[in-house]
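A.B. asks: Quick one: the structure is below, and I'll ask about it shortly.
The values are calculated or read from the model by the stated rules, or taken from the named source; none is laboratory data. As the structure is a computational prediction, the values presented were derived from the model and not from experiment. Ideal geometry is used to build each Cβ from the backbone, glycine not excepted, and the neighbour counts take in all protein chains shown.
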Amino acid sequence: MKPAPFVYHRPASLPDALALLERYGAEGRVLAGGQSLVPALNMRLATPGALIDINRIPGLDEIRLGAEGLVLGALARLDAVERSPLVAAHAPLIAQALPHVAHLAVRTRSTVGGGIAHADPAAELPACLVALGGTVRALSRRGSREIGAAEFFRGVCTTALGPGEVLTAVVVPRLAPGWRSRFDELARRHGDYALVALAAHARVADGTLAEARLVLAGVGATPVRAARAEAALAGRRMDAAALDAAARALAEELDPPSDVHASAALRRHLAGVLLRRAVRGLLEA
Ligand SMILES: Cc1cc2nc3c(=O)[nH]c(=O)nc-3n(C[C@H](O)[C@H](O)[C@H](O)COP(=O)(O)OP(=O)(O)OC[C@H]3O[C@@H](n4cnc5c(N)ncnc54)[C@H](O)[C@@H]3O)c2cc1C
């Protein structure tokens, strides 16, 4: 199929992009890497009246360590983020997750802003951002605001971004002493969206996970934080019984969907497999 007709704009500055977004309202759509939006246009799953291509706007592709933490600009390409020494040092969870996103050719175009704004429930980056306690920077002609990642994802491909708003960057807090990360996922084939993914971020002290943040993708409409499993891990010696108890707590608190890719029961099982791997990895690292 071919896309429905649309007007195409390629603004050279953020103010121009914001003016266009305001002019078109709900009919306007930001185009970044195009790796999700263009297929959706071609299948007429999306029929915006206007595309606002932000690729030529300078300064949106930064990868920078600032006082507020690691700043990843909306137009930072996923392959650049994956290769960044700053990301490896300050957000190892993201560095571990990105090789699971599609294939290299797709990652050379896909952007951080697109991966977050698209808000696919099985996507890796949203789960990482929630696990790391990151924030999303949004800008419109009304001003700028910062939205906590936990509040940003509202449903399947639905976010807190309002009309006229563009995502300009995400910010990941600086890695605090003692915190370690493990990302892993299970998919039918490498590069497919995850059946289940687990972004695990934990403070390791005295051979235990003193605090843990566990966020899963593929098990709900948004990234899902596993509070009961986190509590079952916190401060415990991780022998076989404790690991079994944490996996049981996780299975009980998840309510994953059944679809053509996997049943709910399989997703629950896979989540437990990932949890066991993550705990071992975090304690051994
Ligand atoms: C074969 C294939 C496999 C894939 N596998 C995976 C996978 O395993 N995991 C995964 O996470 N993704 C996967 N993707 C999706 C890919 O990573 C997308 O590129 C990404 O989700 C969207 O990024 P983009 O820059 O291409 O955004 P686009 O496609 O340009 O935009 C996607 C959506 O986000 C909005 N948007 C983009 N940027 C902004 C912004 N700055 N502000 C406001 N709104 C914005 C657009 O309006 C649109 O609604 C796959 C894609 C392909 C083609």
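Quick grid of which residues meet (1) touching a helix residue (DSSP H, G or I) at 6+ places or on another chain (Cβ under 7 Å); (2) surrounded by fewer than 14 Cβ atoms within 10 Å (Cβ to Cβ):
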| residue | (1), (2) |
| --- | --- |
| ARG237 | no, yes |
| ALA245 | yes, no |
| VAL260 | no, yes |
| ALA271 | yes, no |
| VAL279 | yes, no |
| LEU282 | no, no |
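A.B. asks: Right, another one. Only one residue in GLY34, GLY73 is small (Gly, Ala, Ser), within 13 Å of the ligand (Cβ to nearest atom) and buried (at least 20 other Cβ atoms within 10 Å of the Cβ), so which one is that?
C.D. replies: Values: GLY34 fails: buried (at least 20 other Cβ atoms within 10 Å of the Cβ).
Among GLY34, GLY73, only GLY73 is small (Gly, Ala, Ser), within 13 Å of the ligand (Cβ to nearest atom) and buried (at least 20 other Cβ atoms within 10 Å of the Cβ).
A.B. asks: Return yes when ALA194 is within 15 Å of the ligand (Cβ to nearest atom), of a type outside the set (Val, Ile, Thr) and surrounded by fewer than 20 Cβ atoms within 10 Å (Cβ to Cβ) and no when it is not. Spell out the reasoning first.
C.D. replies: Working: within 15 Å of the ligand (Cβ to nearest atom): yes; of a type outside the set (Val, Ile, Thr): yes; surrounded by fewer than 20 Cβ atoms within 10 Å (Cβ to Cβ): no.
Taking the combined requirement at face value, the residue does not satisfy it.
A.B. asks: Restricting the search to segment 37-64, which residues are surrounded by fewer than 20 Cβ atoms within 10 Å (Cβ to Cβ) and in contact (Cβ under 8 Å) with a residue 60 or more places away in the chain?
C.D. replies: If the condition is that a residue be surrounded by fewer than 20 Cβ atoms within 10 Å (Cβ to Cβ) and in contact (Cβ under 8 Å) with a residue 60 or more places away in the chain, then GLU62 is the only one that fits.
A.B. asks: Moving on to the next point. Got a sec? Which strands (runs of 3 or more DSSP E) wholly within segment 160-256 have at least 3 residues that are at pLDDT 95 or above and over 17 Å from ALA119 (Cβ atoms)? Give the derivation first.
C.D. replies: Values: elements: 166-172, 179-186, 196-205, 208-217.
Correct list: 179-186, 196-205, 208-217.
A.B. asks: Regarding LEU86, is this residue surrounded by fewer than 24 Cβ atoms within 10 Å (Cβ to Cβ), touching an Asp or Glu at 6+ places or on another chain (Cβ under 8 Å) and at pLDDT 95 or above?
C.D. replies: Details: surrounded by fewer than 24 Cβ atoms within 10 Å (Cβ to Cβ): yes; touching an Asp or Glu at 6+ places or on another chain (Cβ under 8 Å): no; at pLDDT 95 or above: yes.
Answer is no for this residue.
A.B. asks: Residues being part of a strand (DSSP E or B) and buried (at least 16 other Cβ atoms within 10 Å of the Cβ): count how many of those fall in segment 140-159.
C.D. replies: Going residue by residue through segment 140-159, those that are part of a strand (DSSP E or B) are 140, 143-148, 153-155, 158-159.
Checking the rest, the ones that are also buried (at least 16 other Cβ atoms within 10 Å of the Cβ) come to 140, 147, 153, 159.
Result for segment 140-159: 4.
A.B. asks: In segment 100-138, how many are near the ligand (Cβ under 9 Å from one of its atoms) and either on the phi < 0 side of the Ramachandran plot or of a type in the set (Val, Ile, Thr) (or both)? Before you say what the answer is, go through the steps one by one.
C.D. replies: Going residue by residue through segment 100-138, those that are near the ligand (Cβ under 9 Å from one of its atoms) are 100-103, 105-107, 109-120, 122-126, 138.
Next, from what is left, pick out any that are either on the phi < 0 side of the Ramachandran plot or of a type in the set (Val, Ile, Thr) (or both): 100-101, 103, 105-107, 109-118, 120, 122-126, 138.
Looking only at that region, the number is 23.
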